[in-house]
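The block underneath contains the structure these notes are about, expressed in structure tokens.
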Amino acid sequence: MVGALLGTRIRENRKALKLTQKDLAKIAGISASYLNLIEHNRRGIAGKTLNTIARALSVEPSELSDGMNQSLINRLKSAAIRNKQINTETNRIEEFAARFPGFARLIARQSDQINIRDEEFTILSDQLKHDPYFAEAMHLLLSNITTIRSTADILAGNSNIPTKTSKRFIDNLAEEALKLSNTAEDIFDYFEPTSEKQVTNLDLSPFELLLEKNSYYLKDLEYKKQTIDEILSSLNLSSEDHAKTKNSLKAYVEMVKNLPINSFLDVAVKHSYDAISLAKHFNTDILSICFRLAHLPKRSDIPKFGIIQCDASGSVLYRKQLNSFSLPRYGGACPLWPVYRSLSQPLQPIRAMLDMPMGDRFHTISFAYPTEAAQIGMPALTEAVMLFTPDYLMLPKISHTQTPQLAVGLQCTVCSRLECPARRAPYLLESK
Amino acid sequence: MKKSVVIIEDEPFIIEALTFLLENEGLVVRSISDGANAIDFIIKSKPNLVILDIMLPNVSGMKILEDIRSMDEISNLPVLMLTAKGQKKDRRAAEEAGVSKFMTKPFDNQELIENVKAMIKS
């Protein structure tokens, strides 16, 4: 059904751009009558023609083809279920996504953003409950109030208190009231929105924002048309962010210096973009290759790679997500992802094909590595990365039939595998 | 002979207020603010009641309560826990450790006095 609507999506996108069939057919190098058949879902297309049409329509090929649409439809369904009070036409979601792809993407994106804010809100509440500073501040506050209340009651209820004692209690009250005022100010400062401590760590770091704006490929930095300092001066950062971003940019420069784009791409094509094989070829570690693969130019002939880097607790250190594979920033991801398994097998790459509940598939390489030498009595600190791509068909030398398949999800709330033993939260669409 | 109370509390102004209130009721009041020496202090003072905070320097009030209940000579001593940690889990932990009465800060002076009197009498 969804596949059959590929032509409809092409037609709607073409009309939105006010292109005629003739114009688009010319760009795609096909006849207008053939395009007409495609648009009426009477001919299928794939490969080069699909890529050319997608480029002409300024959309990703996957947005026209099935995978992306399934993901989009799933996100739209989630949005509908989360707003049950609005009577949406859920039986016509596919038609809606095909006829109004722009609005569909907008709704899905806004729904995703709301979900992220909800997640952040939960994390903030959790932080508040377990925040040692806040707990200490509240304890101080209660102590101050206890003294003031008890002392004031004594003064108010005992008319025959010796003058010396009375004076002493009044002094105590004044001192404690001052402490209370200071404690209250400290708490206010702590929650002041301009305070960096609470807020900035919830959003993307400046480096991640920079990468996101540039589709994760800093071309001018790679080709030395721009220096680190020039980039930094254009970002207007706090001193703390400046130092962090500078370090991240230095690491980026180091990566492109060691694996320069042109020579890397030539070899990568020959090795089917396989991180394990490329690491052997370049005599380097899999980690460096994974990061290089996740930071390639956005081109239709290069497979798209996403990456997630986490520490041994599963906390996300770095991530590049793809539209079809969103990564939660604060845990909550599917515990069956091989990146978590790799943490128990450092230095042993794990190759796996992830089967998502909605039928999307991702080829992955997961790899854990110690960050420093182990010390006696201390566990070795370990981190892990998972490189993933939905474009596994562009990796022809990797035998997908022999790659272990893993039935996983993104996170429990949007995963329809109801019997999954790893489930820790209900599936939001279950009631449907 | 006058009944006596030991206050184990690290806030000096709360100690002053409690001392005034209890002395006004004819009780002998002694206090200590460091949890580390609390048990020795109780044994020496032989009080009829202990008023105990939870958050104390060095040794927590909860540990002191457990120690009181595990030492034969003071194991039956009434203990009134007076704390800012008033969550259900704190109350449950204190009850499991054998607290006689649990009150949260800030407290009502009159209610505290009545509780102390009742505990000493029993």
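The values are calculated or read from the model by the stated rules, or taken from the named source; none is laboratory data. Just so it is clear, the structure is predicted and the values come from calculations on it, not from any experiment. Methodologically, a virtual Cβ is constructed for each residue, glycine included, from the backbone with ideal geometry; neighbour enumeration extends over all protein chains shown.
In the set (1) among the hydrophobic types (A, V, I, L, M, F, W, C); (2) surrounded by fewer than 15 Cβ atoms within 10 Å (Cβ to Cβ); (3) in contact with a Gly (Cβ under 9 Å, 6 or more places away or on another chain), the condition left unmet by B:Met71 is number (3). Filtering the range B:10-53 to residues that are over 24 Å from A:Ile161 (Cβ atoms), within 14 Å of chain A (Cβ to nearest Cβ) and in contact with a helix residue (DSSP H, G or I) (Cβ under 6 Å, 6 or more places away or on another chain) leaves only B:Asp53. Residues in the range A:142-164 that are within 7 Å of chain B (Cβ to nearest Cβ), more than 18 Å from A:Ser181 (Cα to Cα) and either over 57 Å from the mean Cα position of the chain (by Cα) or among the aliphatic types (A, V, I, L, M) (or both): A:Ile154 alone.
Among residues of the range A:10-34 being hydroxyl-bearing (Ser, Thr, Tyr) and in a helix (DSSP H, G or I), the one that is nearest to the chain's Cα centre (by Cα) is A:Tyr34.
Please indicate, with yes or no, whether at least one residue in the range A:193-205 is at pLDDT 70 or above and more than 9 Å from chain B (Cβ to nearest Cβ). Step through it out loud before you land on a result.
Step one: of the range A:193-205, the residues at pLDDT 70 or above are A:205.
Keeping just the survivors that are more than 9 Å from chain B (Cβ to nearest Cβ) gives A:205.
Yes, that holds for at least one residue.
Counting only strands (runs of 3 or more DSSP E) that sit wholly inside the range B:1-61, those with at least 1 residues that are surrounded by fewer than 18 Cβ atoms within 10 Å (Cβ to Cβ) and at pLDDT 95 or above are B:4-8, B:28-32. Under the condition of being touching a Ser or Thr at 6+ places or on another chain (Cβ under 7 Å) and polar (S, T, N, Q), the residues counted in the range B:1-28 number 2. Tell me, please, whether a residue that is within 21 Å of A:Tyr392 (Cβ to Cβ) and buried (at least 16 other Cβ atoms within 10 Å of the Cβ) can be found in the range A:244-264. Yes; the residues of the range A:244-264 include at least one that is within 21 Å of A:Tyr392 (Cβ to Cβ) and buried (at least 16 other Cβ atoms within 10 Å of the Cβ).
If you go through the range A:365-404 one residue at a time, how many are of a type in the set (Val, Ile, Thr) and in contact with a helix residue (DSSP H, G or I) (Cβ under 6 Å, 6 or more places away or on another chain)? Walk me through it before giving the result.
We begin by selecting, within the range A:365-404, every residue of a type in the set (Val, Ile, Thr); these are A:365, A:371, A:376, A:382, A:385, A:389, A:398, A:401, A:403.
This time we only want the ones that are in contact with a helix residue (DSSP H, G or I) (Cβ under 6 Å, 6 or more places away or on another chain), so: A:365, A:385.
Qualifying residue count for the region: 2.
Among all residues of the range A:89-112, there is none that is touching a Gly at 6+ places or on another chain (Cβ under 7 Å), surrounded by 13 or more Cβ atoms within 10 Å (Cβ to Cβ), within 21 Å of A:Ala16 (Cβ to Cβ) and of a type in the set (D, E, K, R).
Checking A:His130, A:His139 one by one, the residue that is within 9 Å of chain B (Cβ to nearest Cβ) and either modelled with pLDDT under 90 or touching a strand residue (DSSP E or B) at 6+ places or on another chain (Cβ under 6 Å) (or both) is A:His139 and no other. Residue pairs whose Cβ atoms lie under 6 Å apart, sitting 6 or more positions apart in sequence or on different chains, and linking a residue in the range A:32-55 that is closer than 13 Å to A:Thr8 by Cα to a partner that is among the basic types (Lys, Arg) and outside any loop (DSSP other than H, G, I, E, B), are A:Glu39/A:Arg11.
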